[in-house]
Every structure is written in C-alpha cells, then in structure tokens.
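These notes concern the structure reproduced below.
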Amino acid sequence: MAIVEIKNMDLFYGAFQAIKKVNMSIEANRITSMIGPSGCGKSTLLRCLNRMNDNIEGIKITGKIDIDGIDILRSDEEFDVDALRRKVGMVFQRPNPFPLTVFENVAFGLRIHKLAKSSELSGLVEESLKAVMLWEDLKDRLGNNALNLSLEQRQRLCVARLIAVKPDIILLDEPCSALDPIATAKIEELMLELKKKYTIVIVTHNMQQAARVSDDTGFMLLGELVEFGKTSQIFTAPKEKKTEDYVTGRFG
Amino acid sequence: MFSRKVTDSIIEKLIFASGIAAILLVSLIFFFLLREGLGFFSEYSIKDFITGHFWYPTSKPAAFGILSLIMGSLFVTLGAAVIAVPVGVMAAFYISEVAPVSVRDVLKSGIELLAAIPSVVIGFIGMVTLVPLVRVMFDIPTGLSAFSGSLMLAFMAMPTIVSISEDAIRSVPWTYKEAALSLGATKWQTMYRIVLPAAAPGILAAVMLGIGRVIGETMAVMMITGNAAAIPESIFDPVRTMTATIAAEMGETVKGSMHYKGLFAIGLVLFVITFIINFIADTFLNRVKK
C-alpha cells in the first residue's frame with residue numbers, strides 16, 4: 001500500500017522550476033532510492049516530504065503530497081508541521097548531532113514531544129541506541145559530548161535520535177557521502193535492518209548504493225522524474241533511454 | 001629611493017613601537033595606581049578600609065571606610081544586571097532568530113548606535129526625565145536613587161549585551177537548528193533547548209562585558225544616584241559608587257595626602273574587580289573560539 005502519494009507536483013524557486021510534474025507513490029516498509037546527477041531536484045523533492053523547504057524564501061509548491069491520505073502541503077494554519085516532522089524524520093548529509101551529550105541527543109525528541117516519563121527515559125535511550133548498534137560501544141560514554149564521536153558513530157547517533165520518536169518514514173539525504181566505504185557498508189546494513197519497521201526514502205548520488213539497498217528506484221533529471229520502478233528493473237532493463245545512459249555511466 | 005625591504009623594515013619597526021608604547025602606557029598607569037594605592041595601606045589597615053562604614057576623609061580624625069561605596073556600586077550594578085541581562089538576551093534572540101531580515105538590520109545597527117551616546121548625555125537625560133518620574137511613581141523623597149542609576153546603567157549595558165549575544169546566537173550552526181526542526185521541535189523548543197546552550201559561553205561573555213561597563217561607569221551614576229555615602233537599605237535609597245567618589249573628590253584633595261592616596265586605593269579595588277570580571281569574560285570568549 002502506498003504510504004506517500006505525490007501527485008502532479010511542481011516546485012519553483014522564484015522563477016526557476018526545480019521540480020516538474022512529478023508523480024510517484026512510495027510503498028510502506030520498503031527502501032526507495034532517488035538517483036540522478038547533482039542539481040536534478042532529488043534532495044529538494046525529499047525535503048518536501050517533511051516540509052523542510054518551508055524556511056527557504058521565495059519557494060512555491062503546487063500539486064499534492066498525501067502521506068497516509070493527508071495532504072501535507074496544505075498551507076492553512078491548522079496543519080501541524082511539527083507533528084508531520086515527528087512522523088517523517090530526516091537524516092542529513094553531514095552528521096549533525098547536537099553539541100550535547102550522547103544521552104541528551106537521543107533523549108531530545110522524547111523530551112520535546114513528552115513521549116516518556118523521566119523514569120522511562122534511560123530505557124528508551126538504550127533501546128534506540130541498540131537499534132542502531134551503538135549501545136555496546138557507547139554504553140559507558142553516554143555522558144560524553146556527541147561531537148567527539150567518529151563520523152560514522154555520529155551518523156548512527158542521528159538515526160538513533162530520530163527513531164527514538166518512532167517516526168513512520170525516515171528520509172535519508174545522502175547519508176553516506178561524508179563516510180568512508182567501511183562505514184558506508186555498516187550504515188547500509190543498518191538501513192536493511194530498519195526497513196522491517198520503517199519506510200525509508202534515500203537520496204544518493206552513489207548508484208551502486210541505490211542498487212545494493214533499495215527496493216524501488218526513481219531516476220530524476222533536470223527536475224523531472226524520468227523513470228520510477230523496481231530497482232532491479234531500473235538497473236537491468238530501463239525503459240527510458242536517459243535512464244539507461246545514466247545507470248550505465250554514459251553521463252552524470 | 002628606498003628599496004622595498006627598507007620600507008618594510010621601517011613599517012615593521014613603527015608597528016612594533018606602537019604596540020610597545022600601548023603596553024608601556026598601560027603598565028605605567030598600573031604601577032602609578034599601585035604605588036599611590038599601596039602607600040595608603042602602609043598607614044591605614046586594609047580591613048578597616050574595606051569593612052569600615054564611614055567615609056569621612058576630611059574630618060579629624062579622618063575615617064576611610066569604603067563599605068558604603070562598595071555597597072553603592074554593588075546595588076547599582078546588580079540592579080542594572082537584573083534589568084539588562086534578561087531584556088538584552090531576549091532582544092538578541094529576537095534580532096537573530098525571530099525578526100525578519102529588514103527589521104534585523106535596522107535593529108542591530110540601531111542598538112550598536114546606542115553604545116556611542118556619551119555617558120554624560122545619558123546621565124543628563126536620566127536626570128531630567130527618569131529621576132522626577134521615579135520620585136513620583138514610587139512616592140519617595142528623592143528620585144536620585146540606586147534604582148534610577150540601575151535603570152540608566154541597564155540602558156548603557158544593553159548595546160554590549162545585545163550585540164555580542166546576537167553574534168554568539170547567530171554563530172550557532174544552521175545544521176543544529178535544522179536537526180531540531182526536523183525532529184518536530186517548535187521554534188521555541190529549538191531556541192531554548194539547542195541554540196541557547198550552544199550560544200551560552202558567548203552570551204555569558206556578553207553579560208560579563210556589559211557588567212564590566214556598568215561597574216566602571218562614572219558620569220551617569222554621579223548625576224543620578226544621589227551620592228550619599230551611606231550604606232543603602234533599599235534599592236530606592238540614594239547611593240554613592242566607588243567611581244563617583246573618585247571623580248567627585250579628586251579635584252579637592254591635596255596631592256600626597258591621605259585623602260589623595262585613599263582615592264587611589266579605591267581605584268585599586270575597582271581595578272581588581274574589573275580585572276576579575278574581564279578575566280572571566282575572556283575565559284568564556286576563548287572557550288567559544290575553540
């Protein structure tokens with residue numbers, strides 16, 4: 001069943017159209033990857049799903065994005081953007097833990113949404129850290145500043161911080177671009193693990209990564225969604241010439 | 001025609017000389033202060049000086065107790081801090097996080113402009129507008145009080161506190177805010193839980209520098225605090241600060257007399273206090289840079 005339904009979506013930065021008539025539906029409990037050359041609009045599209053583009057001035061979006069049947073682009077005052085972002089979380093390109101302790105990083109979402117009594121807090125933090133396989137490494141260092149962790153640990157911590165608030169959808173914006181190949185492999189392993197409980201959408205410019213981890217793949221070019229389908233089909237039997245040129249490395 | 005190397009070495013020497021001159025002048029001031037002030041303590045005990053209640057420098061026998069002056073400075077400074085710190089920090093948050101860009105630029109330069117108003121002008125404005133108002137509003141015999149002084153000094157400390165705090169708040173990386181917002185935090189939660197702790201060292205330094213300015217301020221307090229050298233019982237009593245005492249009496253003393261040296265000793269106490277405050281502020285500012 002489709003959890004995200006994008007219908008006829010256009011996005012303009014001032015006069016520049018960054019996304020053109022995109023239609024696509026994202027299935028629950030699958031990994032959907034978005035590929036395409038830099039500037040093709042894949043990150044912009046991803047950031048529409050939790051309205052992270054709201055802070056950019058001069059942006060205009062038309063069309064519809066339904067998540068669980070609710071139009072999230074509604075501009076009326078009653079629509080609760082904070083609640084949407086709790087449901088649709090995001091991990092960024094550069095690991096960006098807060099300059100707080102490891103524990104406070106994970107507890108942040110629980111505190112702001114009042115999801116736990118203080119007595120339950122440490123249990124939930126442990127659970128989240130275990131889910132991203134950081135618990136064994138960090139259980140004695142929960143009071144350390146999160147900025148002192150390695151890059152990979154920081155990125156894992158960002159995922160732990162996110163799943164602590166129990167989102168439905170996790171958006172990953174080139175989550176491995178700052179990591180080395182070994183750390184990347186470990187994060188990919190984590191994605192496959194998380195797929196059981198969450199719907200994951202990942203933007204990546206690493207085609208091999210998309211081929212390795214994702215179930216569905218969308219190829220974007222100059223703001224258009226050129227082709228969207230099963231990952232195996234996109235990489236082995238693309239219907240569009242442009243897709244074929246891109247996945248075979250003829251450009252991009 | 002000088003070669004480039006000669007020009008270079010001349011300019012280098014000039015810059016070196018200017019730097020040395022600045023350091024030399026400051027140390028001369030310090031040694032002068034130390035000599036005159038310490039000379040006082042060979043004749044008058046430090047304990048009586050700091051804890052004595054009476055400042056009667058021209059009576060016979062003279063009394064040089066500065067407790068009332070320390071209390072005066074303390075009342076005015078604390079009062080100013082209580083007003084200026086919360087208002088200043090909130091203003092800084094408004095300017096950097098809430099205000100639209102056009103408003104932000106106008107406000108920031110406006111507030112920095114406030115720092116350029118000479119203190120005698122602020123004192124004068126306070127004297128003709130604030131002092132009568134305070135007298136009527138609180139129904140006290142005179143509006144020349146620690147409270148009026150605190151209000152005016154809060155006004156003078158505000159530009160420092162707002163401007164430096166705003167810099168600290170604005171230097172918090174956008175990625176932190178983005179992360180907090182993406183977790184569903186409201187704007188307020190982001191400011192309070194993430195931006196404030198991240199900017200805290202810079203804000204503390206701003207507060208310390210603001211207080212440093214307040215404690216050293218002379219002209220405005222002399223004009224509006226009433227200058228009664230008595231230990232104040234409430235914030236609405238007239239007080240006299242250490243700085244105002246030096247400024248008011250220095251012209252009337254005989255050079256080399258006990259009174260003269262006593263004023264230098266007050267200067268020494270003031271120097272120690274401001275040195276400690278600046279040292280704390282510096283420590284925090286350095287921590288920010290790291």
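Please report the relative contact order for chain B, taking Cα pairs under 8 Å with a sequence separation of at least 6, and give it as a percent rounded to a whole number. This gives 25 percent for chain B. Under the rule a/c < 1.5 gives rounded, and otherwise a/b versus b/c splits prolate from oblate, where does the range B:1-137 land using the Cα gyration tensor? Verdict is oblate for the range B:1-137.
Among all helices in chain B defined by DSSP H, which have a length of 27 Å or more along the axis from Cα atoms plus a Kyte-Doolittle mean of at least 1.6?
Both cut-offs are met by B:67-93, B:196-216.
Of A:117/A:139; A:42/A:87; A:42/A:196; A:20/A:242; A:196/B:177, which pairs sit farther than 28 Å apart, going by alpha carbon to alpha carbon? Exceeds cut-off: A:196/B:177. For chain A, with equal point scatterers placed on the C-alpha atoms only and solvent neglected, what are the log10 I(q)/I(0) values from the Debye formula at q = 0.08, 0.12, 0.15 1/Å, to two decimals? Listed by q, the Debye log ratios stand at -0.32, -0.71, -1.08.
Could you calculate, for the range B:2-42, the ratio of the Cα radius of gyration to the Kirkwood radius, expressed as Rg to Rh?
1.42
Before anything else, pin down the relative contact order of the range A:172-252: Cα pairs under 8 Å, at least 6 apart, normalised by residue count, whole percent. Result for the range A:172-252 is 20 percent. Given a cut-off of under 8 Å on Cα pairs at least six residues apart, what relative contact order in percent is computed for chain A? Result for chain A is 28 percent. Determine which lysines satisfy two conditions relative to residue B:255: a Cα distance under 28 Å, and not lying fewer than 8 residues away in the same chain. Result set, ordered by chain and number: B:47, B:60.
What is the sum of charges around residue B:263, taking Lys and Arg as +1, Asp and Glu as -1, for the other residues whose C-beta is under 12 Å from the C-beta of residue B:263? Local charge sum for residue B:263: -1.
Taking the helices alone, the protein assembly as shown has a mean residue ellipticity at 222 nm of -17000 deg cm²/dmol, built from -39,500 (n - 2.57) per DSSP H run of at least 4 residues and averaged over all its residues. Working note: Cα atoms of the range B:81-126, range along each principal axis, descending, whole Å: 34, 24, 12. Considering only the Cα atoms of the protein assembly as shown, their convex hull presents on average a projected area of 38.7 nm².
Between residue B:32 and residue B:99, what's the calculated FRET efficiency when r is the beta-carbon distance and R0 is 45 Å? Round to 0.05.
The value I calculate is 0.45.
Here, the range B:89-200 yields an orientationally averaged convex hull projection of 8.7 nm² when only Cα atoms define the hull.
Quick check on the range A:12-96: take the gyration tensor over C-alpha atoms, sort the square-rooted eigenvalues as a ≥ b ≥ c, and tell me if it's rounded (a/c under 1.5), prolate or oblate. The shape class here is rounded.
Between the range A:24-49 and the range B:181-206, what is the C-alpha centre distance in whole Å? Centre-to-centre distance over Cα atoms comes out at 31 Å. Computed from label points 7 Å out along Cα-Cβ, the spacing between residue B:283 and residue A:73 is 5.6 nm.
Sorted largest first, the spans of the alpha carbon positions of the range B:56-289 along the three principal axes are 74, 40, 30 Å. A Förster distance of 30 Å, applied to the separation of the beta-carbon atoms of residue A:21 and residue A:206, puts the FRET efficiency at 0.65. Straight-line cross-link partners of residue B:13 among the lysines, defined as a Cα under 29 Å from its Cα and at least 8 positions apart when in the same chain: B:5. Take the alpha carbon gyration tensor of the range A:136-176, find the square roots of its eigenvalues, order them as a ≥ b ≥ c, and report rounded if a/c is under 1.5; if not, report prolate when a/b exceeds b/c, else oblate. Note, shape of the range A:136-176 comes out oblate. Please report how far the C-alpha centroid of the range B:214-235 lies from that of the range A:199-218, rounded to the nearest whole angstrom. One Cα centre to the other: 70 Å. Taking Cα atoms only, the orientation of helix A:118-131 departs from the longest principal axis of chain A by about 50 degrees.
Every number here is computed from the coordinates shown, using simple stated rules; none is lab data. Please read all numbers here as calculations on a predicted model, not as lab measurements. With ideal geometry, Cβ positions are generated from the backbone for all residues, glycine too; neighbour counts draw on all protein chains shown.
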